[in-house]
Amino acid sequence: MKITIGSDHGAVDLKEEVKMVLKEFGNIEVKDVGTFGTEAVDYPDIAEKVCADVVDGKSDRGIVLCGTGIGISMAANKIKGIRCALCTDVYSAKMSREHNNANVLALGGRVTGFGPAGEIVRAWIEGEFSGGRHERRVNKIMALEN
């Protein structure tokens, strides 16, 4: 599995922790599109880079991070083909995959600790789309883009 990850300056430290968690999975290739320091950057630019890889098929999924996860998830969800879920707990992460087939995960570097973030990421990576009645609903979500 290929995952593109990116954060703004408010979540650089959490991004690095998430990358460590992703290394636990032997089958994940990670592409980091930045930012790499604490100098201010605009989170919509990061969301665009991550989501472009997902939409173009260069990555299977994406992970975006900003201070709260709110702004970057809003930006990601403006991109056609993206279903970004801002998750603050394990259950939501699991359901975002099983019921919503989320292809991008958003996290907040200033509101989610390293330990909980790791558990959220693990649940999201391991989650699989259930299909069935959920597929009909996901198709309706995607039809809203038109």
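The values are calculated or read from the model by the stated rules, or taken from the named source; none is laboratory data. Since the model is a prediction, treat every value here as computed from it, not as a measurement. Note that each Cβ is placed from the backbone with ideal geometry, even for glycine, and that neighbours are counted across all protein chains shown.
Inside the stretch 23-64, can you point out the residues that are of a type in the set (A, V, I, L, M) and in contact (Cβ under 8 Å) with a residue 40 or more places away in the chain?
We begin by selecting, within the stretch 23-64, every residue of a type in the set (A, V, I, L, M); these are 28, 30, 33, 40-41, 46-47, 50, 52, 54-55, 63-64.
Answer for the stretch 23-64, where residues must be of a type in the set (A, V, I, L, M) and in contact (Cβ under 8 Å) with a residue 40 or more places away in the chain: Ile28, Ile46, Ala47, Val50, Val54, Ile63, Val64.
Touching a residue at least 40 places away in the same chain (Cβ under 8 Å) and surrounded by 19 or more Cβ atoms within 10 Å (Cβ to Cβ), is that true of Gly67? Quick ask: steps written out before the conclusion?
On the way: touching a residue at least 40 places away in the same chain (Cβ under 8 Å): yes; surrounded by 19 or more Cβ atoms within 10 Å (Cβ to Cβ): no.
No; evaluated as a whole, the condition is false for this residue.
Which residue out of Gly127, Gly113, Gly109 is surrounded by fewer than 14 Cβ atoms within 10 Å (Cβ to Cβ), at pLDDT 95 or above and of a type outside the set (Val, Ile, Thr)? Talk me through it step by step, then tell me what you get.
Details: Gly127 fails: surrounded by fewer than 14 Cβ atoms within 10 Å (Cβ to Cβ); Gly109 fails: surrounded by fewer than 14 Cβ atoms within 10 Å (Cβ to Cβ).
Matching residue, one of Gly127, Gly113, Gly109: Gly113.
I'd like to check something: does the stretch 35-49 contain any residue that is closer than 20 Å to Trp124 by Cα, at pLDDT 95 or above and of a type in the set (Gly, Ala, Ser)? Before the answer, list the steps.
Initially, the stretch 35-49 is screened for residues closer than 20 Å to Trp124 by Cα, giving 47.
Still in the list and also at pLDDT 95 or above: 47.
Add one more test, that the residue is of a type in the set (Gly, Ala, Ser), and what stays is 47.
Checking the stretch 35-49: at least one residue is closer than 20 Å to Trp124 by Cα, at pLDDT 95 or above and of a type in the set (Gly, Ala, Ser).
Please report, ordered by residue number, the helices (runs of 4 or more DSSP H) entirely within the stretch 39-146 with at least 1 residues that are among the hydroxyl-bearing types (Ser, Thr, Tyr). Steps first, answer last, please.
Numbers: elements: 43-55, 70-76, 90-98, 114-126, 133-143.
Where helices (runs of 4 or more DSSP H) fall fully within the stretch 39-146 and carry at least 1 residues being among the hydroxyl-bearing types (Ser, Thr, Tyr), they are 43-55, 70-76, 90-98.
Got a sec? Which of Asp60, Asp32, Asp8 is within 14 Å of the chain's Cα centre (by Cα), of a type in the set (D, E, K, R) and loosely packed, with under 15 Cβ neighbours inside 10 Å? Before the answer, list the steps.
Working: Asp32 fails: loosely packed, with under 15 Cβ neighbours inside 10 Å; Asp8 fails: loosely packed, with under 15 Cβ neighbours inside 10 Å.
One residue alone meets the criteria, Asp60.
Could you check the stretch 70-83 and list, in sequence order, the residues that are surrounded by 16 or more Cβ atoms within 10 Å (Cβ to Cβ), in contact (Cβ under 8 Å) with a residue 24 or more places away in the chain and under 21 Å from Ile120 (Cβ atoms)? Write out each step before concluding.
Let us first name the residues in the stretch 70-83 that are surrounded by 16 or more Cβ atoms within 10 Å (Cβ to Cβ), namely 71-77, 79, 82-83.
Filter once more, keeping what is in contact (Cβ under 8 Å) with a residue 24 or more places away in the chain: 71-73, 75-76, 79, 82-83.
Answer for the stretch 70-83, where residues must be surrounded by 16 or more Cβ atoms within 10 Å (Cβ to Cβ), in contact (Cβ under 8 Å) with a residue 24 or more places away in the chain and under 21 Å from Ile120 (Cβ atoms): Gly71, Ile72, Ser73, Ala75, Ala76, Ile82, Arg83.
Working only within the stretch 47-57, note down all residues that are of a type in the set (Gly, Ala, Ser) and surrounded by fewer than 20 Cβ atoms within 10 Å (Cβ to Cβ). It would help to see each step written out before you state the result.
The first filter runs over the stretch 47-57 and keeps only residues of a type in the set (Gly, Ala, Ser), leaving 47, 52, 57.
Hits for the stretch 47-57 are Ala52, Gly57.
Asn101: at pLDDT 95 or above, surrounded by fewer than 22 Cβ atoms within 10 Å (Cβ to Cβ), touching a strand residue (DSSP E or B) at 6+ places or on another chain (Cβ under 6 Å) and under 25 Å from Arg136 (Cα atoms), yes or no? Outline the logic, then answer.
On the way: at pLDDT 95 or above: yes; surrounded by fewer than 22 Cβ atoms within 10 Å (Cβ to Cβ): yes; touching a strand residue (DSSP E or B) at 6+ places or on another chain (Cβ under 6 Å): no; under 25 Å from Arg136 (Cα atoms): yes.
When the stated conditions are applied, Asn101 does not pass them.
Answer yes or no as to whether Leu107 is within 17 Å of Met20 (Cα to Cα), of a type outside the set (Val, Ile, Thr) and touching a residue at least 12 places away in the same chain (Cβ under 8 Å). It would help to see each step written out before you state the result.
Numbers: within 17 Å of Met20 (Cα to Cα): yes; of a type outside the set (Val, Ile, Thr): yes; touching a residue at least 12 places away in the same chain (Cβ under 8 Å): yes.
Considered against the rule, which asks whether it is within 17 Å of Met20 (Cα to Cα), of a type outside the set (Val, Ile, Thr) and touching a residue at least 12 places away in the same chain (Cβ under 8 Å), Leu107 comes out as yes.
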